[in-house]
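Beneath this line is the structure, given in structure tokens, with notes to follow.
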Amino acid sequence: MEREFIPLSVPNIKGNELNYVTQAVKDEWVSTGGSYIEMFEKNISAYLGVEQAAAVQSGTAGLHLSLIQSGVGLGDEVFAATLTFIAAVNPIRYVGAEPIFMDCDDSLCIDPDKLRQFIEEECTFKDGILTNNHTNRQIKAILGVHVFGNLMDMEKLMDIAETYNLKLIEDATEALGSYYTQGKYKGEYAGTIGDFGVFSFNGNKIITTGGGGMVVAKKKEDLDYLKYLSTQAKDDTTSFIHHAVGYNYRMTNLQAALGVGQLESLETFIATKKANFELYKEKFEQNKAVELMDFNPTIRLNYWFYALVIKEEVDIQALIKTLHGKGIQTRPIWGLIHEQKPYLTAQSYKIEKASYYVKHILNIPCSSNLQQEDVRYVADCLNEIL
């Protein structure tokens, strides 16, 4: 019997999703109005322990709106990670600002120590304004990413943000369900600590609405205005009066109906992904050529993506092709953003660890419906090759 192809990360839709989506269709509320949007916002808020949330069309849209509401605009600068998906950086350009690319630490998240070093050595802070001495531009925000469900060092980053009057936007698009179990922010979820937190429900995320995202914020007035901008800035819906430039960024009721069903299964998904992670770890234990990257022990993880560190220099693309021939989908980590054509002129600072990891990490199958026999097969194939 031929083995089924094992994908990298695919949706797990086996709960009440079809019932809810069918009801939305029956109610004929399929666009950006309908009860499921408010229900999804309410349920996410309750899960995260925040007052409210705003459902948007994508995580990218959420980042764009968060930057606008953070006061970032033409000629400003934003600290950003180079080791991430490019969607976490492009919204900086949407608002006419420029990124300053920072290295990662061993969590793969933005390195707060290097960030502080850059500020102390390369910037001037006066009258509440942080200025980049190299460009004479004001730096207004940190846009950091919780990579693969791991959490950034929020204690250090929040201290930097508060000291230098910077907004902190958490790209939590990969980290729904991860929270701190120790330290200053014990019990607080990814996305709920900074000024804004943005989540994604793309097809490969831990829960999905096909597309779509969600934004939370520290200040209610910020989130209210963000939601206003996401619905074309309607001041008077009867007379079509608009006092700001708005966006068509609201989530649809069909997407939200799917999300309501997915959220009901989130903790089950996390438990499955944790069990599969532990099995992978056990299977790779005797292989000295590889190491399954562990997560921060001070957090409860969502185990979204698994990163296999290959210690020797290998041809990652050739390895991916070999595994595909064995019915296994894998992928390299993202290309560094400061090396991408649109960002070659952007400033970067002491990029070292990110350059190492981009050559040594392979992402392996991690779907929440991945069976343990498939985990064993993937690990056995990799152990045989490496």
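The values are calculated or read from the model by the stated rules, or taken from the named source; none is laboratory data. Since this is a predicted model, take the numbers as computed values, not measurements. Neighbour counts are summed over all protein chains in view; Cβ atoms, including those assigned to glycine, are modelled from backbone coordinates with ideal geometry.
What the table below lists for this structure:
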quantity: Candidates 36, 20, filtered to the one that is farther than 19 Å from residue 199 by Cα and buried (at least 21 other Cβ atoms within 10 Å of the Cβ); calculated: 20
quantity: Any hit, region 258-275, residues being farther than 30 Å from residue 37 by Cα and either in contact with a strand residue (DSSP E or B) (Cβ under 7 Å, 6 or more places away or on another chain) or modelled with pLDDT of 95 or more (or both); calculated: yes
quantity: Region 23-33, residues that are surrounded by fewer than 20 Cβ atoms within 10 Å (Cβ to Cβ) and either basic (Lys, Arg) or not in a loop (DSSP other than H, G, I, E, B) (or both); calculated: 23, 25, 26, 27
quantity: Odd one out for residue 142, checked against (1) assigned to a loop (DSSP other than H, G, I, E, B); (2) touching a residue at least 60 places away in the same chain (Cβ under 8 Å); (3) of a type outside the set (Gly, Ala, Ser); calculated: (1)
quantity: Residues being aliphatic (A, V, I, L, M), under 30 Å from residue 136 (Cβ atoms) and either without any contact (Cβ under 8 Å) to a residue 12 or more places away in the chain or not in a helix (DSSP H, G or I) (or both) - total across region 48-82; calculated: 5
quantity: Filter result for the condition that a residue is closer than 25 Å to residue 192 by Cβ and surrounded by fewer than 14 Cβ atoms within 10 Å (Cβ to Cβ), over 75, 62, 71; calculated: 71
quantity: Residue count, region 333-386 (criterion: part of a strand (DSSP E or B), closer than 30 Å to residue 208 by Cβ and in contact with a Phe, Trp or Tyr (Cβ under 9 Å, 6 or more places away or on another chain)); calculated: 2
quantity: Failed item, numbered, when residue 225 is tested on (1) at pLDDT 95 or above; (2) closer than 21 Å to residue 146 by Cβ; (3) among the aromatic types (Phe, Trp, Tyr); calculated: (2)
quantity: Restricting region 142-162 to residues that are closer than 18 Å to residue 178 by Cα and acidic (Asp, Glu), the residue that is surrounded by the fewest Cβ atoms within 10 Å (Cβ to Cβ); calculated: 155
quantity: Residue satisfying all of: in region 83-137; aromatic (Phe, Trp, Tyr) and outside any strand (DSSP E or B); surrounded by the fewest Cβ atoms within 10 Å (Cβ to Cβ) among these; calculated: 94
quantity: Residue check, residue 174 assigned by TED's automatic domain parsing to the domain that holds residue 88, acidic (Asp, Glu) and touching a residue at least 12 places away in the same chain (Cβ under 8 Å); calculated: yes
quantity: Criterion violated by residue 156 - all others in (1) part of a helix (DSSP H, G or I); (2) in contact with a strand residue (DSSP E or B) (Cβ under 7 Å, 6 or more places away or on another chain) satisfied; calculated: (2)
quantity: Residue ID - nearest to residue 74 (Cα to Cα), chosen from residues in region 114-139 that are β-branched (Val, Ile, Thr) and without any contact (Cβ under 8 Å) to a residue 24 or more places away in the chain; calculated: 131
quantity: Given (1) within 30 Å of residue 332 (Cα to Cα); (2) under 19 Å from the mean Cα position of the chain (by Cα), index of the condition residue 55 fails; calculated: (1)
quantity: Checking residue 320 against (1) surrounded by 19 or more Cβ atoms within 10 Å (Cβ to Cβ); (2) within 23 Å of residue 205 (Cα to Cα); (3) among the β-branched types (Val, Ile, Thr), the condition it does not meet; calculated: (1)
quantity: Test: residue in region 13-34 that is out of contact with any helix residue (DSSP H, G or I) (no Cβ under 6 Å at 6 or more places or on another chain), touching a residue at least 60 places away in the same chain (Cβ under 8 Å) and under 28 Å from residue 151 (Cα atoms); calculated: yes
